[in-house]
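Below is one structure, written out as structure tokens, with a few remarks after it.
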Amino acid sequence: MSEASSKSTGAPKSKGEWWFYHLERTSLEEALGPLLEKCLQKDWRVLIVGDGDRLPKLDLGLWTWKADSFLPHARLGGRDEIDPMAQPILLSNTPEPANKADIIVLLDGKRLPNEPDDATQYIRCMVVFDGDDFNARDTARSQFKGAKDAGQTVSYFQQNDRGGWDKKA
């Protein structure tokens, strides 16, 4: 049974998985589009947590990531008041799941308050980091080790020359 079908039947979901995405070829905005599209195809709600300075650029990038489509989302703390529960993708600078997210995406070295245990409230915790950002890379290494030491499922994907992902661990 897939995770998406387990959601609709009420069966237990696989929780507490950590998936690490090491950016090397494309920008974060370019890389996130396909990952988020897959989440929406599975009917998963997503919370993206990043630095306040990055969120406006990411907000615009998600509206324009493809010429023929967009990713429906909103940003907490933006110009407009929003209902977080109405948002399939919510951008925030804090890891509070205001949209009852199934997936949390941590950017810019962001962490969950009680790692790795807090990851169990999500189907998957995705950490996306730029290989040239030493602080974000070191944080991702620490998160990987903490989750693995806690017995949680961890997967590591490195971006390949085509911008796709090769599973390395």
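Rule-based calculations on the coordinates, nothing more; no lab input. Not measured: the values here are computed from a predicted model.
One table, with the values for the structure above:
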item: Global geometry of the chain, whether rounded, prolate or oblate, following the gyration tensor of its Cα atoms and the 1.5 cut on a/c; result: rounded
item: Residues whose placed amide H lies under 5 Å from that of residue 89, excluding near-sequence neighbours; result: 46, 74
item: Mean residue ellipticity (222 nm) of the chain, computed from DSSP H runs ≥ 4 via -39,500 (n - 2.57), nearest 500; result: -8500 deg cm²/dmol
item: Long-range HN-HN contacts of residue 156 with modeled amide H, under 5 Å; result: 20, 168, 169
item: Alpha-carbon centroids, segment 20-41 and segment 97-167: separation in whole Å; result: 13 Å
item: Potential lengthening between residue 148 and residue 161 on full extension [0.36 nm per residue; Cα-Cα distance subtracted]; result: 1.9 nm
item: Contour excess over end-to-end distance, with Cα ends at residue 64 and residue 121 and 0.36 nm allotted per residue; result: 17.5 nm
